[in-house]
Every structure is written in C-alpha cells, then in structure tokens.
Amino acid sequence: MSLTSIHNKLNGIEPATSAALVSHSAQQAEALIREVGGTEAALLPGLRVKMLDGNALGKREHRLAETRHSTAAPLPGKTLDIYEPELGLITHSFPCEDAYTQERALLPAVLGTVEAGDVVVADRNFCTTEFLTGLGGRNAMGLIREHGQIRYRPLEAVGDAVRIEGASISEQRVQLMTDGEPGIILRRIRVELVTPERNGERIISLLTHLPVETADAQSVAALYRKRWRIEVAFLQMTVQLRCEINTLGYPRAALFGFAVAAVAFNTVAVVMAALRPHTPDIQANISTYYIANEMANMAESLDTIIDPEDWQPIREASVTVLAKWLLLLAGRAQLRKYTKHPRGQKNQHRPEKWLGKTPCLNSKVTQPAEGQKVTLKGIIRTVMLLLSVNRFSRLRWCSRLSSWRGSTSARTGGKNRLCSRIIPVNCLPFLWLFGGVGTSNIHPGTEACLLKQNSG
C-alpha cells in the first residue's frame with residue numbers, strides 16, 4: 001500500500017469512527033482496571049464522577065492548497081471529552097470538524113452517554129438550562145459553574161457562610177427559569193475567595209443537583225476544585241503522546257490522530273493501574289512521561305521481532321487471565337528509571353532595573369568613578385556594545401568578548417580597541433569617523449551590566 005493511499009484513508013475516516021474507537025478502548029481498559037484492583041479513591045462514594053471539557057486542536061501547517069493563500073493558520077477541529085478520575089480514562093470523545101463551532105452545540109451528544117447516578121463536573125461554558133434540565137431528566141447530576149446568562153429565581157436567602165482555608169462558602173436553593181416558566185430546583189453554592197483567581201474574580205458560584213445528604217457545600221466546592229485533572233489529561237496527551245500532529249491538515253485525519261492518542265492515554269492508565277497495587281503512591285512517584293517514552297521506543301522493536309499471529313493468545317485471553325498476567329509483570333517491574341524528578345526550590349529572583357528592553361544604564365552604573373574622565377569615545381563605545389547585544393547570539397558574543405582583550409592587544413600594539421568582528425557592519429563608518437574607540441573610556445559598571453545581560 002502506498003503512502004498516498006494511507007493518507008487518503010486517514011482523510012476519509014468519519015468522526016463517528018474516531019469517537020467509537022475511544023469508547024471501545026475505554027470499555028476494554030475499564031474492565032482490566034477494575035479486575036486488577038487499580039482504581040483510585042472515589043471522589044463521591046457510590047456515584048460516578050465524570051469531568052467534561054472541550055479541547056480545540058492547534059493550528060496546522062499550510063500543506064493543503066486551500067490554506068496557502070491565507071496567512072492565518074488552519075484549525076482542523078475540536079472535541080468534547082469526558083474524563084473519569086476514578087479510572088484515569090478518557091471514556092468518551094465527541095469530535096467536530098468545524099473548529100469554530102460553539103462547544104454547547106455538542107451537548108446533546110454528551111447527554112446521550114449520561115446514565116443514572118453520574119455526576120458531570122464542567123466549567124461555566126456548559127452551564128445551560130437545557131443541559132442542566134437534561135441531566136435531571138436522566139436521574140443524573142451536574143456540578144457546573146454558573147454562567148452569567150443563565151436565569152433562575154432564588155427560593156431562599158443565602159445561608160450563613162462557613163469559613164475554610166482561603167475562602168468562605170454559603171449556599172441557597174434556586175429554581176431555573178425557561179422562557180419565564182419555572183424549571184428544576186438546584187443548589188447554588190457561593191464561594192468567596194480571599195485571594196482573587198487569575199482572572200481577577202473573587203466570587204465563584206456553582207449550580208448542582210447533588211442533595212445535601214450526599215455532599216455538603218464544602219464537599220461540593222472541593223469536588224469542583226478537582227476539575228483541573230482533565231486539563232492535566234489534555235496536557236499529557238499533547239506533550240507526551242503528541243495528540244496534535246501539525247502536518248495533518250484535514251479535519252478528519254487530525255481528529256483520528258487525537259483519537260489514537262486518547263487510546264494510548266488509556267493504555268498508559270492500564271499500566272498505572274496494574275502497578276498501583278504494588279506501589280500505592282505511584283501517582284506521586286512514577287512519571288507517565290517516562291512510561292510513554294518506553295512505549296514509543298519499544299513499539300517498533302515489538303513490530304520487528306514479533307509476528308502478528310504471536311499476539312493471538314493475548315487477544316483471545318479473558319479479562320481475568322490477562323489481569324493476572326499484568327499483575328505478575330507489574331510485580332517484577334523495575335521502576336527506578338521511571339521515577340519522577342521534581343524540580344527543586346527556585347532561587348529567589350532579584351529584580352533588576354531595566355529601561356525598556358535595553359540593558360540597565362542607571363546612574364549608579366553610568367556615573368564615572370572618581371578621577372575618571374568621560375570622553376566622546378567612551379560614549380560611542382557604550383553605544384556600540386548596546387547595538388551588538390541585539391545583533392549577535394549570546395554564545396558568539398561571550399566567546400568573542402572572552403578573547404577580546406588578549407587578541408586585540410597584540411594586534412594594536414598594546415592598546416585595546418574594539419574588535420571589528422563583534423561590531424555590526426553598519427557601525428563601521430562610526431568607528432572610522434572617530435578613529436577607533438578605546439576600551440579604557442567605558443565605565444566598568446556598564447561593561448559588567450552588559451556581560452551579565454548576555455550571559456543569562
């Protein structure tokens with residue numbers, strides 16, 4: 001089969017096929033994870049927590065003829081994805097070829113996968129009356145940040161606030177309004193932060209179906225804070241598994257590439273689940289980055305050494321047999337080379353005083369020392385150094401500067417002159433006009449400041 005035929009096949013894969021591939025891999029992986037006993041602690045015992053978020057695929061290269069006349073980078077599409085933290089899996093994906101569609105337009109497809117007892121945690125972009133009402137109609141529950149456009153009627157005053165670390169939490173009951181008609185009744189959790197978030201907002205309001213008997217206001221707020229875990233999953237898929245291949249410009253091919261990365265992500269989750277009974281703190285100590293690298297390095301070797309028919313016993317093995325085999329291999333695994341290397345404490349940064357984007361030339365640096373004369377040559381010398389900073393790379397600048405004094409002294413009869421090799425060409429007329437610029441007329445503090453700027 002030619003490479004062109006492979007690309008033509010990728011470009012024709014329907015989004016529904018990519019979505020089915022992710023769902024099928026999640027079903028197989030869930031059965032193995034539960035069989036090996038590798039699930040994580042439930043966030044809400046007795047309920048299945050699902051985190052929903054969208055992922056817009058990044059820009060692509062201008063490889064398609066239709067995109068070459070535009071300077072804007074083509075966007076191949078977006079997806080809505082459901083992540084289950086208890087399993088560590090991407091269980092559902094909802095791809096869309098239109099990169100500019102509103103994520104809310106995909107919510108009806110999401111409702112089709114929701115079952116009774118599910119708790120959907122999502123950001124405020126998914127806070128719509130139809131979605132919240134649809135969750136309630138399926139005996140499911142939602143925990144969604146309040147959007148400014150949603151309409152509701154308070155049924156009671158806001159209760160007394162309970163202070164916790166970094167915030168105060170209160171709640172009230174509200175009733176959604178649909179075209180002026182009363183709808184379902186929800187709890188509205190109001191979280192007032194002591195320190196504003198990065199957008200400057202201090203108050204976060206959450207709407208939820210969860211009854212008080214299942215989770216109080218503090219538990220609801222703590223559950224919403226776990227929503228960042230789906231963002232971590234997207235980061236791992238992007239950095240470790242390359243879910244966004246910038247050469248795949250056709251939307252269907254790009255979405256299928258994302259689906260394949262989601263399958264690989266679920267495979268890594270099975271490996272982590274098999275290791276978890278032997279290493280309880282695996283999430284904190286073992287790096288999924290090293291595991292993904294090991295998978296990538298070994299895949300080509302396995303394809304070369306093992307024939308396709310050799311995989312048949314594994315395909316036909318039952319979930320119980322395969323789980324026992326995974327636990328056996330996990331018990332023999334040498335995890336030393338897969339451990340994380342956390343970054344140490346950063347050194348305290350000492351802020352420097354800069355003027356715009358040029359090196360510092362404040363009065364303390366530029367003032368001459370006692371008894372030293374300021375000449376015109378010294379001023380031109382400083383200007384030449386400043387121009388050289390932006391024209392030459394850091395390595396070249398430092399290497400030339402290190403051999404400056406010795407090499408130029410020998411060629412100029414003992415008088416240090418600015419080496420022409422490190423001066424931009426358009427500055428040479430100035431040197432000729434002033435007959436050379438001596439290095440003894442620049443203040444040592446200015447030279448040290450420039451060296452510090454270029455040495456990092």
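Here are some notes:
- Descending semi-axes in Å of the stretch 97-227, equivalent ellipsoid built from Cα gyration tensor: 24, 18, 15
- Relative packing of 105-113, 154-162, which averages over residues the other C-beta atoms within 10 Å, highest first: 105-113, 154-162
- For peptides 35-41, 278-284, 9-15, sequence by mean Cβ density within 10 Å, most packed first: 35-41, 9-15, 278-284
- Listed by chain and number, the aspartates and glutamates whose C-alpha is less than 18 Å from the C-alpha of Lys226, apart from same-chain residues fewer than 8 away, are Glu40, Asp53, Asp81, Glu84, Glu86, Asp118, Asp123, Glu146, Glu165, Glu192, Glu197, Asp216.
- At an R0 of 60 angstrom, the distance between the Cβ atoms of Ala333 and Ala157 translates into a FRET efficiency of 0.55.
- Gain in span if fully extended, Asp179 to Ala72, counting 0.36 nm per residue against the direct Cα distance: 34.5 nm
- For Trp311 and Thr279, the difference between the fully extended length at 0.36 nm per residue and the C-alpha to C-alpha distance is 8.7 nm.
- Inter-centroid distance (Cα atoms) of the stretch 68-140 relative to the stretch 296-334, Å: 34
Just so you know, all these numbers are worked out from the coordinates, no wet-lab data involved. As the structure is a computational prediction, the values presented were derived from the model and not from experiment. For neighbour counting, all protein chains shown are included, and Cβ atoms are generated from backbone atoms with ideal geometry for every residue, glycine included.
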